Amino acid sequence: MRRATALLLVGLSALALGACGTSKQDKARAQVCDARADIKKQVDTLKGLTVTTATADDISAGLKAIGKDLTTISDAQGDLSDQRRKDVQQASQTFAGEVQGALSDIGNSASIADARQRVQAALQQLATSYGQSFERLDCSGT
């Protein structure tokens, strides 16, 4: 009888401790949502730059931060539920493709004036792409 009681107490203690922790899936979801929020912040900052206020360093820092966030999202995907993983992968691929397209478009500039216009258009496209990809991910409740 004592042994059964002791086993029951050990089992209940383990269950209680497990309930206090955060699952891998919850941690991954939080990481994705935090990275998503930072991408939005970076996109908003980049979108707010004008041809006269934008510097190469500002743009580079924003794009590097976005790249880091995309890596964080990619690293966390394996611990997400199947549907969530599919949604995140689709958003990541869409957004990354748009970023690559925007950057290659900037590189095709023939003049400084053309480059400025292309940078401005690329930053606007970045914001649009974010809206079409990551903004759709549900991060409510985190």
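Net length available on complete extension from Leu103 to Ser60 is 14.4 nm, with 0.36 nm assigned per residue and the Cα-Cα distance removed. By other beta-carbon atoms within 10 Å, ranking Cys33, Cys139 with the fewest at the front produces Cys139, Cys33.
Model label sites at Leu49 and Asp75, defined 7 Å from Cα along the beta-carbon direction, differ in position by 2.5 nm. Estimate the FRET efficiency between Asp26 and Thr94 by the formula 1/(1 + (r/R0)^6), using the beta-carbon distance for r and 30 Å for R0, to the nearest 0.05. According to the calculation, E is roughly 0.75.
Where a number appears in this text, it was derived from the coordinates with a stated rule and is not lab data. What you are looking at is a predicted structure, and each value in this text was computed from that prediction instead of being measured. Quick reminder, even Gly has a Cβ in these numbers, built from the backbone with ideal geometry, and neighbours come from all protein chains shown.
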